[in-house]
Amino acid sequence: MAENATLSGFLRHIRDCQNARLPGERLPFRLGEAQVGWVRPALVAALAVFPPVRSGADGVRLDAPEDLPDIAQTLSEAGHYRWRNEAFDVRAKPDGPVLARIDRGAIPSFGILSVGVHANGLVRRPDGLHLWIGRRAAHKALDPNKLDHIVAGGVPAGLSPEQTLEKEGGEEAAVPPALIRQARRVGWIGYAMERPEGLRRDCLICYDLDVPEGFVPHPNDDEVAAFELWPIRRVLEAVRDTDEFKFNVNLVLIDLFLREGLIAGPEGAALRAALEQGSV
């Protein structure tokens, strides 16, 4: 179908997150036989100095996955990326076994899959559906001051998505454990995106959380500046017409609009098909 302005307003966010063209100049990065990432030539050359690493025309291979954390830290100290001091599990597939661990700051440079959780904080009122919106703190390295979900975050090493949701809910929005455990997993969204920090291959696990009208989230750490309750139509218009939301939050919200029937017909079908084209 031909794109109209409304459809284009939503599709641009999906296309922005699906802008990576692999392999391009990147080579596969493997732990043993399992490919877990994609690396640019500059990182290939930097990895070649480590004895456990083998590199060739078919990619880079590390047969001692337990060495990956130390190698990644050495490369960070050499200036290849920013160290975050937060370990993430390394998998070949979102539901695959853990093969190693690596610092979060190294993930985009290695093109390693990252799993995150995003919760829609829904308030169903007589005057319609509303959504809790967070504003990211000004000091955030990634998308400062952008709008965000009530709860969202990467899944760190050793935690399940649900454990991460509970952890982030308490830290970011002071959501009680008993409430956050009521969140319903509603699907996932994948994409491969070129960003200034490198290649993001993200799997976003999406949740809906029905928030009681009397509950008001508040920042419990320095990650979020404030929360506001918005009518869903205002959220939809902001996604369609602006870039106010953090880049990947737009995709989770588009999925919500589709599930709530706010975008239907041929436009809805086109958006659903575009979301499902994402791969990690």
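The values are calculated or read from the model by the stated rules, or taken from the named source; none is laboratory data. Because the structure is a prediction, the values reported are computed rather than measured. Here the Cβ positions follow ideal geometry from the backbone for every residue, glycine too, while neighbour counts run over all protein chains shown.
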Can you list the strands (runs of 3 or more DSSP E) found entirely within the stretch 86-127 that contain at least 2 residues being assigned by TED's automatic domain parsing to the domain that holds residue 179, in contact with a strand residue (DSSP E or B) (Cβ under 8 Å, 6 or more places away or on another chain) and surrounded by 17 or more Cβ atoms within 10 Å (Cβ to Cβ)?
113-125
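Go through the stretch 156-177 and count every residue that is on the phi < 0 side of the Ramachandran plot and not in a helix (DSSP H, G or I).
Residues of the stretch 156-177 on the phi < 0 side of the Ramachandran plot: 156-157, 159-173, 175-177.
Going one step further and asking which of them are not in a helix (DSSP H, G or I), we end up with 156-157, 159-160, 175-176.
Total satisfying the criteria: 6.
So which of 155, 211 ends up being β-branched (Val, Ile, Thr), under 20 Å from residue 103 (Cα atoms) and out of contact with any Leu (no Cβ under 6 Å at 6 or more places or on another chain)?
Numbers: 211 fails: under 20 Å from residue 103 (Cα atoms).
Criteria check complete, one pass: 155.
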In the stretch 104-119, which residues are among the small types (Gly, Ala, Ser) and within 21 Å of residue 165 (Cα to Cα)?
105, 114, 116, 119
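Report yes if residue 37 is in the same structural domain as residue 255 (by TED's automatic domain parsing) and of a type in the set (Gly, Ala, Ser), otherwise no.
Working: in the same structural domain as residue 255 (by TED's automatic domain parsing): no; of a type in the set (Gly, Ala, Ser): yes.
Judged against the criteria, residue 37 is not a match.
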Residue count for the stretch 196-227, restricted to those that are surrounded by fewer than 16 Cβ atoms within 10 Å (Cβ to Cβ), charged (D, E, K, R) and out of contact with any helix residue (DSSP H, G or I) (no Cβ under 6 Å at 6 or more places or on another chain)
3
Identify the single condition in (1) in contact with a Leu (Cβ under 9 Å, 6 or more places away or on another chain); (2) assigned to a loop (DSSP other than H, G, I, E, B); (3) not aliphatic (A, V, I, L, M) that residue 139 does not satisfy, given that it satisfies every other one.
(1)
The correct count of residues that are under 18 Å from residue 235 (Cβ atoms) and either crowded, with 16+ Cβ neighbours inside 10 Å or under 18 Å from the mean Cα position of the chain (by Cα) (or both) in the stretch 6-16 is 7
